[in-house]
Amino acid sequence: MTPELAEAIQRGYDQRDRANMAPTIAYFQALLAEHPDHPVLVYEVGGAYDTAGQEETARNYYERALALGLEGDVLRRCLCQYASTLRWLAELDESLAVLDRARKEFPDSDSVRVFRALTLNDAQRPDEAVAELLAVVTEHAEVTDLGRWAVGLRGLAQWLADGRPE
């Protein structure tokens, strides 16, 4: 990723209008035409389609970007967005599989855990979803007013994650 390409991507975000994604899609498509098969640009095109509510199209771009070899933080972002897209497409097992991969590669990522909670909730696994969210929140108790409840809530999260053992 050159500094110029990073700046061009940022310009695309700066000009984005979530209510009218067509210009953003066209912008990222034009960048991709200048840099064919650049994994980050393939991912960005997918993200633009995703924001426009065109999940099936976004899915294809995310899969292509992953196959082209994303790395680092952009890989984490792509895995989260791809899993979210799969969730919107009601492919919940596939979404969880993507998020399980993301957890292995980014074990400390709160975003991965939050997207996983959303998928668990849609999969009718609310206890696991709440457990995941409680784990995220209590790991950052210092920036909340949870105070002394954090330890107890962590225990509740584990209890829910274990399937409400008796």
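The values are calculated or read from the model by the stated rules, or taken from the named source; none is laboratory data. The structure displayed is predicted, hence computed values, not measured ones. Cβ sites come from the backbone with ideal geometry, for glycine too, and all protein chains shown count toward neighbours. The protein model used for the area step is the full one, side chains on, heavy atoms only, and it has no ligands, DNA or RNA in it. Shrake-Rupley method; radii C 1.70, N 1.55, O 1.52, S 1.80 Å.
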Checklist entry - Given the conditions (1) surrounded by 11 or more Cβ atoms within 10 Å (Cβ to Cβ); (2) without any contact (Cβ under 8 Å) to a residue 24 or more places away in the chain; (3) under 26 Å from L89 (Cα atoms), which single one is not true for N20? => result (1)
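Listed here are the residues, each with its yes/no results for (1) within 19 Å of S84 (Cα to Cα); (2) open to solvent by 60 Å² or more (accessible area, probe 1.4 Å); (3) not in a helix (DSSP H, G or I); (4) not small (G, A, S).
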site: T119; (1), (2), (3), (4): yes, no, no, yes
site: A129; (1), (2), (3), (4): yes, no, no, no
site: E132; (1), (2), (3), (4): yes, no, no, yes
site: V137; (1), (2), (3), (4): no, yes, no, yes
site: E142; (1), (2), (3), (4): no, yes, no, yes
site: D145; (1), (2), (3), (4): no, yes, yes, yes
Item to check | Tally of residues being within 20 Å of A19 (Cα to Cα), open to solvent by 20 Å² or more (accessible area, probe 1.4 Å) and touching a helix residue (DSSP H, G or I) at 6+ places or on another chain (Cβ under 6 Å) across region 32-58 | outcome: 4
Next on the checklist: With the structure loaded, tell me whether R16 is basic (K, R), assigned to a helix (DSSP H, G or I) and not assigned by the TED database to the domain that holds C80 or whether it fails that test.
Outcome noted: no
Next on the checklist: Anything in region 79-113 that is hydrophobic (A, V, I, L, M, F, W, C), surrounded by 16 or more Cβ atoms within 10 Å (Cβ to Cβ) and either over 18 Å from G53 (Cβ atoms) or in contact with a Cys (Cβ under 6 Å, 6 or more places away or on another chain) (or both)? List them, or say none.
Outcome noted: L79, L92, L96, V98, L99, A102, F106, V112
Item to check | Leading residue by the ranking (modelled with the lowest pLDDT) among those in region 147-158 that are open to solvent by 100 Å² or more (accessible area, probe 1.4 Å) and either closer than 22 Å to P107 by Cα or touching a helix residue (DSSP H, G or I) at 6+ places or on another chain (Cβ under 6 Å) (or both) | outcome: V151
Checklist entry - Somewhere in region 28-41, is a residue in contact with a Phe, Trp or Tyr (Cβ under 6 Å, 6 or more places away or on another chain), assigned to a helix (DSSP H, G or I) and not assigned by the TED database to the domain that holds A129? => result no
Checklist entry - Within region 43-57, how many residues are touching a residue at least 24 places away in the same chain (Cβ under 8 Å), in a helix (DSSP H, G or I) and closer than 20 Å to Q10 by Cβ? => result 8
Item to check | Single match in V74, V98, V114 (criterion: among the β-branched types (V, I, T), under 19 Å from Q158 (Cβ atoms) and outside any loop (DSSP other than H, G, I, E, B)) | outcome: V114
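Rundown of residues vs (1) outside the structural domain of R87 (by the TED database); (2) more than 23 Å from R101 (Cβ to Cβ); (3) of a type in the set (S, T, N, Q), yes/no style:
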residue	(1), (2), (3)
L120	no, no, no
R125	no, no, no
E132	no, no, no
T138	no, yes, yes
V151	no, yes, no
